Amino acid sequence: MRRAHSEAAGPLILVNRSHPLRAMSEPQLAPALGDTSVRLERRAAALLEACVRSVGGLGDIVPVSGWRSRGEQQAIWDGTMRSEGEEFTRKYVAAPGCSEHQTGLAIDLGLRGGDLDFIRPEFPDSGVCREFKRAAARYGFILRYPEGKERITGIAHEPWHFR
Ligand SMILES: [Zn+2]
């Protein structure tokens, strides 16, 4: 039996360079992994916590950036343009209106003790981070910008960005 798209459970949305978001209302947000300064859409926040807990990563895997308003994305874009230049910015920062972070369904994660750079936090392919990556799909998360797919996603490999 075929199901119409409207019957899909949960939010389903494509956001990228050629599919910018229309103006959207702020999603219902909750702290990501207990950090009130990094928030996610409520259901995504609960699934993220369950996933990190399942691999014993609470406290080691830390949220770096979750939901962003269009204004915040604009500020990140402008600031990165100023400090890092255009090439870097186009590679790692989605243009305002084109960021998955504006949906509240995307999260940048880092490893505590590592370099928690806001644009490129350290999320190694080892230890608890690798365990998280393996478990992610069971909780509805995917590594959104994998290596080798840059031409399709339009974004550099980002081992820290999950949606
Ligand atoms: Zn991200």
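Observations on the model:
- Considering region 61-86, the residues that are surrounded by fewer than 18 Cβ atoms within 10 Å (Cβ to Cβ) and not in a helix (DSSP H, G or I) include one that is nearest to the ligand (Cβ to nearest atom), namely S69.
- Close pairs from region 93-107: first outside any helix (DSSP H, G or I), partner within 12 Å of the ligand (Cβ to nearest atom) and of a type in the set (D, E), Cβ under 8 Å, at least 6 apart: A94/E100; A106/E100
- Candidates A94, A106 - the one that is of a type in the set (G, A, S), buried (at least 17 other Cβ atoms within 10 Å of the Cβ), under 25 Å from L21 (Cα atoms) and at pLDDT below 95: A94
- If you go through region 147-163 and keep only what is in a helix (DSSP H, G or I) and surrounded by fewer than 13 Cβ atoms within 10 Å (Cβ to Cβ), you end up with R151, I152.
- Residue match in region 104-126 (condition: within 12 Å of the ligand (Cβ to nearest atom), under 22 Å from R43 (Cβ atoms) and in contact with a His (Cβ under 7 Å, 6 or more places away or on another chain)): yes
- Residue list for region 87-103, restricted to those being touching a Ser or Thr at 6+ places or on another chain (Cβ under 9 Å), within 13 Å of the ligand (Cβ to nearest atom) and not β-branched (V, I, T): Y92, C98, H101, Q102
- Residues that are farther than 20 Å from V15 by Cβ and among the hydroxyl-bearing types (S, T, Y), drawn from region 46-79: S54
- Test: residue in region 129-146 that is exposed (fewer than 15 other Cβ atoms within 10 Å of the Cβ), within 14 Å of the ligand (Cβ to nearest atom), without any contact (Cβ under 8 Å) to a residue 40 or more places away in the chain and hydrophobic (A, V, I, L, M, F, W, C): yes
- Restricting A50, A30, A4 to those that are at pLDDT 95 or above and exposed (fewer than 14 other Cβ atoms within 10 Å of the Cβ) reduces the list to A50.
The values are calculated or read from the model by the stated rules, or taken from the named source; none is laboratory data. Only a predicted model underlies this, so the values are computations on that prediction, with no experimental measurement involved. Glycine also receives a Cβ, built like all others from the backbone with ideal geometry; neighbour counts cover every protein chain displayed.
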